[in-house]
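K.L.:
I am attaching a structure below and will ask some questions about it afterwards.
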Amino acid sequence: MYDVFQILNWLRVKNAKDMQNNPYIEELTQMKAMKLLYYIQAASLSITGHRMFDNDIVAWKYGPAIAEVHEVYKHCRGIVDSNSPITSEDEADYNELQNDKENLDILEGVYSVYGYKSAYDLMRQTHTEDPWLNTEQSHVISDDSIKEFFDGSFDSKKNTSVDTDTLHRLFDENKEVMDWLKDKWST
């Protein structure tokens, strides 16, 4: 099990590298980091049956959050810029996780699916999911509710077919892009 800040540092360094390679990549915000940490924990619980980090995830107004992370970054919107520059310790955390194949697969998988969505889109998404919906605000979202909701969602070996509910959900989540593609191909 890792410290939540090690996982956060992996996200921060990954985002910093992405921003160096692509000027259109936005800086990781505290809110987006909270949602990515939530999905990382969900994937770990679903795939391995155990937490990737020990900190509790709480149902806050703007979605799942980790109080300890908020406390450190409470006055920061972005968490990769000059207010929170990447240090050699952050790089060491990143490198340690890069060498942990099982956990790196989870991190990379979550980042590839959710890492390029906006903080707002991730907040809206978490607000439609049972673990946040069924937890009283400011209370801990239980591992059991996360695991039950996401059971099998992250396991690519379990099921390679896509059901129609999933297709409709993906279409709804990406409606603007789908509408643009539809218009582009119909002309």
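K.L.:
Could you say whether any residue in the range 11-26 is out of contact with any Asp or Glu (no Cβ under 6 Å at 6 or more places or on another chain), within 27 Å of residue 145 (Cβ to Cβ) and at pLDDT 95 or above?
P.N.:
Checked the range 11-26: at least one residue is out of contact with any Asp or Glu (no Cβ under 6 Å at 6 or more places or on another chain), within 27 Å of residue 145 (Cβ to Cβ) and at pLDDT 95 or above.
K.L.:
Tell me, which residue of the range 113-134 that is within 14 Å of the chain's Cα centre (by Cα) and open to solvent by 60 Å² or more (accessible area, probe 1.4 Å) is nearest to residue 39 (Cα to Cα)?
P.N.:
So, considering only residues that are within 14 Å of the chain's Cα centre (by Cα) and open to solvent by 60 Å² or more (accessible area, probe 1.4 Å), the one nearest to residue 39 (Cα to Cα) is 113.
K.L.:
Follow-up. Test residue 79 against the criterion of being of a type in the set (Val, Ile, Thr) and either crowded, with 17+ Cβ neighbours inside 10 Å or within 16 Å of residue 37 (Cβ to Cβ) (or both), and give yes or no.
P.N.:
It is true that residue 79 is of a type in the set (Val, Ile, Thr) and either crowded, with 17+ Cβ neighbours inside 10 Å or within 16 Å of residue 37 (Cβ to Cβ) (or both).
K.L.:
Consider residue 37 against the criteria (1) surrounded by 14 or more Cβ atoms within 10 Å (Cβ to Cβ); (2) out of contact with any strand residue (DSSP E or B) (no Cβ under 8 Å at 6 or more places or on another chain); (3) at pLDDT 95 or above: it satisfies all of them except one. Which criterion is unmet?
P.N.:
Exception for residue 37: condition (2).
K.L.:
Could you look through the range 134-152, keep only residues that are out of contact with any helix residue (DSSP H, G or I) (no Cβ under 6 Å at 6 or more places or on another chain) and among the hydroxyl-bearing types (Ser, Thr, Tyr), and pick out the one that is nearest to residue 106 (Cα to Cα)?
P.N.:
Across the range 134-152, the extreme among qualifying residues is 142.
K.L.:
Further question: Among the residues of the range 48-83, count how many are hydrophobic (A, V, I, L, M, F, W, C), in a loop (DSSP other than H, G, I, E, B) and at pLDDT below 95.
P.N.:
3
K.L.:
Out of curiosity, is residue 72 crowded, with 19+ Cβ neighbours inside 10 Å, among the β-branched types (Val, Ile, Thr) and under 14 Å from residue 33 (Cα atoms)?
P.N.:
no
K.L.:
Go through the residues of the range 9-30 one by one and say whether even a single one is in a helix (DSSP H, G or I), over 19 Å from residue 94 (Cα atoms) and open to solvent by 10 Å² or more (accessible area, probe 1.4 Å).
P.N.:
For the range 9-30, residues in a helix (DSSP H, G or I), over 19 Å from residue 94 (Cα atoms) and open to solvent by 10 Å² or more (accessible area, probe 1.4 Å): absent.
The values are calculated or read from the model by the stated rules, or taken from the named source; none is laboratory data. Every value quoted in this text rests on a predicted model; they were computed, and no experiment measured them. Positions of Cβ are backbone-derived with ideal geometry, glycine not excepted, and every protein chain shown enters the neighbour counts. Note: areas computed on protein heavy atoms with side chains; ligands, DNA, RNA excluded. Shrake-Rupley method; radii C 1.70, N 1.55, O 1.52, S 1.80 Å.
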